[in-house]
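I have placed the structure first, in the form of structure tokens, so that the comments after it can refer back to it.
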Amino acid sequence: MEKKHEMMSLEDSEQLKGRMKFFEKELVENHHIDPNLYVEYDVKRGLRDSAGKGVLTGLTEISDVTGYKLVNGRRIPADGALYYRGIDVQDIVNGLKDRRFGFEETIYLLIFGKLPSKEELSRFLELLSDMEDLGGRFVRDVVMKGTNANIMNAMERCVLALYTYDDNPEDISVENVLRQSLELIAKLPEIAVYSYHAYRHFRKDETLFIRNPQKGLSLAENILLMLRPDGNYTELEAKVLDIALVLHAEHGGGNNSTFTTHVVTSSGTDSYSSTSASIGSLKGPRHGGANLKVQNMFTDLKANVKDWESDEEITAYLQKILNKETPKGILGLSENSYMGIMNFVLLIPTWGWIISIIAWIVGKDKSEAVSTQGKYIFNWLISWSIYTLIIGLIFAGQFIGGIIGAIASPLSLLSGSLFNIGTLPFVLLFILYFVFPIIGGVKGLDGKLWKYPLSIPFLK
């Protein structure tokens, strides 16, 4: 049987971790560039100069972002403005009031340099609708396999996989690249939503549902239709999402992901490789991945601000964040330490259950990982109790039956039949009660979720 190749894991191998520590030390000690050399030779650090200011990386007529005014050579902060093809995005958003969705029109404006007529928009929408279907084979063979917790990574992988489904992937003529670009625009919402559902199902043991987009709906409407378990959404929700998509459509030629596209396409590579590389850049926490940090900040605000109607309380807590005076983690503990303790406390006789459940209740709103691990622990505790009860009832029945048999045949006592039946399951449950929390605690300290085996999924 051919051995399956897998990536080596530092977390699973202490020997490998020890070996890599040596090479890590060698790398750090022998690979260092003097920071002063960046100034001496005027070398840019990515999209920043040595002073941390953004640098010009190309020319674009597609969009522009302004956040300051130049007065006598000095940069004066000003209200930010975003322009698409010379049109203030605020005017685009204002033009959407009480009449239509605008993201598709915005795409047309960015690609073709003008707002579409009614007929042009109709043809454009029809084309996107025809291109949006991923196909069952792609969803099954690509989206649903190799799932991970980061949707951006999943999207990157799926975009690369689309190369193999394209009969002409290497043609970089204007006509073919435009076709590929429009197909990616049409298909990426499905890729993102389906990747999210695959993550929920395979990583969090939640119900899997896949809903196809509907013809005639806007892109924003279809995202909500596919995303929601019941497929329901309000018109207001769809319009808010549509505006969000409009505002995120383009941010100038100098941001990190757009610059990545310039660099990668300059080699003459295919559309899928360049788009995947751009998504990889966007994923970083200093670019699009910063959204996750904002989400975490709101989670922290939710946990620490009692009165959301109080501007004073919100302002005071934001000031604490700026001054680095806010508590770290959960009850002063890191997420990893907290999850480890949630599991380890189960080893405490009697009170372990109560402490673990209380810890889960306290921390579930502050960390998704804590919330999920708490559900796994709860499911195991209830399952263990049920198993113990069932085995106990069976054992009691057999014990009573043994007594009755002993009255009829006293010699049966010599065989020990009153006590050996059911002993092994009890011993096994007793061992698992201590072994499972230890495993869960070790994994928790490493920042890993652990779903207790043999658990009945009461909470999903």
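The values are calculated or read from the model by the stated rules, or taken from the named source; none is laboratory data. Computed from a predicted model, the values in this text were never measured in an experiment. Positions of Cβ are backbone-derived with ideal geometry, glycine not excepted, and every protein chain shown enters the neighbour counts.
Name the residues in the range 237-256 that are more than 26 Å from E221 (Cβ to Cβ) and in a helix (DSSP H, G or I), would you? So that I can check it myself, show each step before the final result.
Initially, the range 237-256 is screened for residues more than 26 Å from E221 (Cβ to Cβ), giving 252-256.
Scanning the range 237-256 gives a single hit, N256.
Yes/no per residue for (1) surrounded by fewer than 16 Cβ atoms within 10 Å (Cβ to Cβ); (2) more than 30 Å from G374 (Cα to Cα); (3) under 22 Å from the mean Cα position of the chain (by Cα):
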| site | (1), (2), (3) |
| --- | --- |
| L208 | yes, no, yes |
| K215 | yes, yes, no |
| S218 | no, yes, no |
| D230 | yes, no, yes |
| L236 | yes, yes, no |
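For the range 260-276, which positions are part of a helix (DSSP H, G or I), at pLDDT 85 or above and over 20 Å from R179 (Cβ atoms)? Reasoning before the result, please.
Looking only at the range 260-276, we keep the residues that are part of a helix (DSSP H, G or I), and these are 260-265, 271-276.
Filter once more, keeping what is at pLDDT 85 or above: 260-261, 263-265, 271-276.
Within the range 260-276, T260, V263 meet the criteria.
So A51 fits all but one of (1) assigned by TED's automatic domain parsing to the domain that holds H251; (2) among the small types (G, A, S); (3) at pLDDT below 75; what number is the exception?
With (1) assigned by TED's automatic domain parsing to the domain that holds H251; (2) among the small types (G, A, S); (3) at pLDDT below 75 applied to A51, the lone miss is (1).
Tell me the residue from G146, G102, G80 that is assigned by TED's automatic domain parsing to the domain that holds V240, of a type in the set (G, A, S) and out of contact with any helix residue (DSSP H, G or I) (no Cβ under 8 Å at 6 or more places or on another chain), please.
Details: G146 fails: out of contact with any helix residue (DSSP H, G or I) (no Cβ under 8 Å at 6 or more places or on another chain); G102 fails: out of contact with any helix residue (DSSP H, G or I) (no Cβ under 8 Å at 6 or more places or on another chain).
One residue alone meets the criteria, G80.
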